[in-house]
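**Student:** Just dropping this structure here.
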Amino acid sequence: MGSPRRILGALGLLSCLVLSAIVPAAGAAAAPAGATAAAFKELPSVPFTQRYQAVQHGGLVRASNSSITCRKEEAPQAEPCAEVKRGAGGVNSDYDMFYTEVDKDPDTYNSTRAELKIPQGAKVSYARLYWGGNLRVGEQKPPEDSGRVLVAEPGGAYKEVLADTVVGHRADAASDAYQASADVTPLVRKGGTGMWTVAQLNIAMGRSEAGAWGGWTLVAAYEQPQEPLRRVSLWDGFEGLAAGAGRDAARTVGLAGLNAPAGSAGRVGVVAYDGDRGNLGDSLTVTADSGRRVSVSDAENPFNDVMNSTITEFGQASFVRQPEYMNNLGYDADVFDLSPALSGGARSLDFTFTGESQGQFLGVLFVQTDARR
């Protein structure tokens, strides 16, 4: 994290999203390895919009990992890098950052793995891959390479995946941040459960005031006849949370049409960039149409530091990652318990985010709730 100059302080628009049936684009967003990346459109701010929704017996799962970590302490106050990887406090701007590489492939310079756990007997109804990071740290990465990554399903070879929608890309004096995504439904239907590898994220290494960060998240909706009837919803965008907590720094994403009965179970997942452990002020609150307001947090994500470089589910690790660093130094992909906000039922929910003392970027929101029969 670095100077507040890079924060998207002018993004004050309230994003209200009303659920409606949307049919995702058909076909895999993958091309043979070596193919030329297609041109893609970029915008410095992408308002949150609904990507997918369904009411079905089943739910949502995800796999996620960061792609860069600390190599050497550079600031006098920095905790040892080895301790930070195990979960100690530390911010990316205090370290020389270097790529994580697990595949031993000389043709890739970063690669990480994570387990996607699709329940037995389930069918994937939709899957989307998100990736992003900072392009300018100790080096400048070319933005035109941001729209492609390499993906390998469990036991499979790499396939090139190209961004199939607008890429959020915001460059200023301190950082050069982006998020891209692609529909990978056919690939995930074929690959199924197991360790997924994502490589060649376009992110910069080194040290700067803003720091290096980057990672990926694969979100999959599935149908399983033995599971409860649920509403599953996926949104994405690319919006900055301005430096400092409070109403002026808040962004709200609204979900209508829930009709969740009292006592419903639910969960909400968030992907965010450049949230630092120990830089306080960032929060997530959920408000039901009944007026009930709940602060979202858990054992690993305090209410005033909720985006703190973790990859957790209800405060715990829920799937295998390689590597499995506890402090991901600027990359968050967390799932929280939404049930307290649904205790009295809900027809709509507002998710309100505030930024930490130096701000951050919000990229993905996915929600699963019980549905009324």
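The values are calculated or read from the model by the stated rules, or taken from the named source; none is laboratory data. Values in this document were obtained by computation on a predicted structure and should not be read as measured data. A quick note on method: Cβ atoms are made from the backbone with ideal geometry, for glycine too, and the neighbour counts reach across all protein chains shown. To get the accessible areas, we keep the full protein, side chains included, count just its heavy atoms, and leave off ligands, DNA and RNA. Shrake-Rupley method; radii C 1.70, N 1.55, O 1.52, S 1.80 Å.
**Student:** Based on the mean of other Cβ atoms within 10 Å per residue, sort peptides 202-215, 63-76 so the most packed one is first.
**Tutor:** Details: 202-215: 24.4, 63-76: 21.3.
In decreasing order of mean packing, 202-215, 63-76 become 202-215, 63-76.
**Student:** If you rank Met195, Met97, Met326 by how much accessible surface each has, with a 1.4 Å probe, what is the order from largest down? If you can, show how the numbers build up before the last one.
**Tutor:** On the way: Met195 50, Met97 0, Met326 80 Å².
Result, largest first: Met326, Met195, Met97.
**Student:** Once you charge only the Cβ atoms, +1 for Lys and Arg and -1 for Asp and Glu, what is the size of the charge dipole of the chain about its Cα centre, to the nearest 20 debye?
**Tutor:** Working: 34 positive and 42 negative charges, 233 e Å.
Roughly 1120 debye for the chain.
**Student:** Based on the mean of other beta carbon atoms within 10 Å per residue, what is the order of 293-299, 330-336, most packed first?
**Tutor:** Values: 293-299: 15.9, 330-336: 27.1.
So the peptides 293-299, 330-336, ranked by packing, come out 330-336, 293-299.
**Student:** Can you work out the PRE-style zone for Ala157? Point 7 Å along Cα to Cβ, and I want the residues of the range 173-206 with backbone N under 19 Å.
**Tutor:** Answer for the range 173-206: 187-188, 190-192, 196-200.
**Student:** Using R₀ = 45 Å, calculate the FRET efficiency as 1/(1 + (r/R₀)^6) where r is the Cβ-Cβ separation of Thr252 and Asp107; round to 0.05.
**Tutor:** Numbers: r = 43 Å, r/R0 = 0.97.
E between Thr252 and Asp107, to the nearest 0.05, is 0.55.
**Student:** Once Rg/Rh (Cα atoms, Kirkwood Rh) is worked out from the coordinates, which option in [x] 1.40; [y] 0.94; [z] 1.05 does it equal?
**Tutor:** Read-out from the structure maps to [y].
**Student:** Can you list the aspartates and glutamates whose alpha carbon is less than 19 Å from that of Lys104, not counting same-chain residues fewer than 8 positions off?
**Tutor:** Counting by Cα, and skipping residues close in sequence, Lys104 has these aspartates and glutamates nearby: Glu115, Glu153, Glu160, Glu324.
**Student:** Packing-wise, with mean Cβ within 10 Å as the measure, how do 161-169, 224-232 rank, highest first?
**Tutor:** Details: 161-169: 21.4, 224-232: 16.2.
For the peptides 161-169, 224-232, the packing ranking is 161-169, 224-232.
**Student:** I'd like the FRET efficiency for Asp145 and Lys190, computed as 1/(1 + (r/R0)^6) with the beta carbon distance as r and R0 of 35 Å, rounded to 0.05. All intermediate terms of the calculation are to be shown ahead of the outcome.
**Tutor:** Working: r = 26 Å, r/R0 = 0.75.
The formula returns an efficiency of 0.85 here.
**Student:** Ok, one more. Please work out how much length the chain gains when fully extended from Gln120 to Ser295, using 0.36 nm per residue of separation minus the C-alpha to C-alpha distance, in nm with one decimal. Walk me through the intermediate numbers first.
**Tutor:** Working: separation 175, 0.36 × 175 = 63.00 nm, distance 3.36 nm.
The Gln120-Ser295 span can extend by a further 59.6 nm.
**Student:** When the helix-only estimate is applied to the chain (DSSP H runs of n ≥ 4, each -39,500 (n - 2.57), divided by the residue count), what is the mean residue ellipticity at 222 nm, nearest 500 deg cm²/dmol? Mind dumping the intermediate values first?
**Tutor:** Details: 2 runs with 12 residues, N = 373.
The helix contribution divided over the chain gives -500 deg cm²/dmol.
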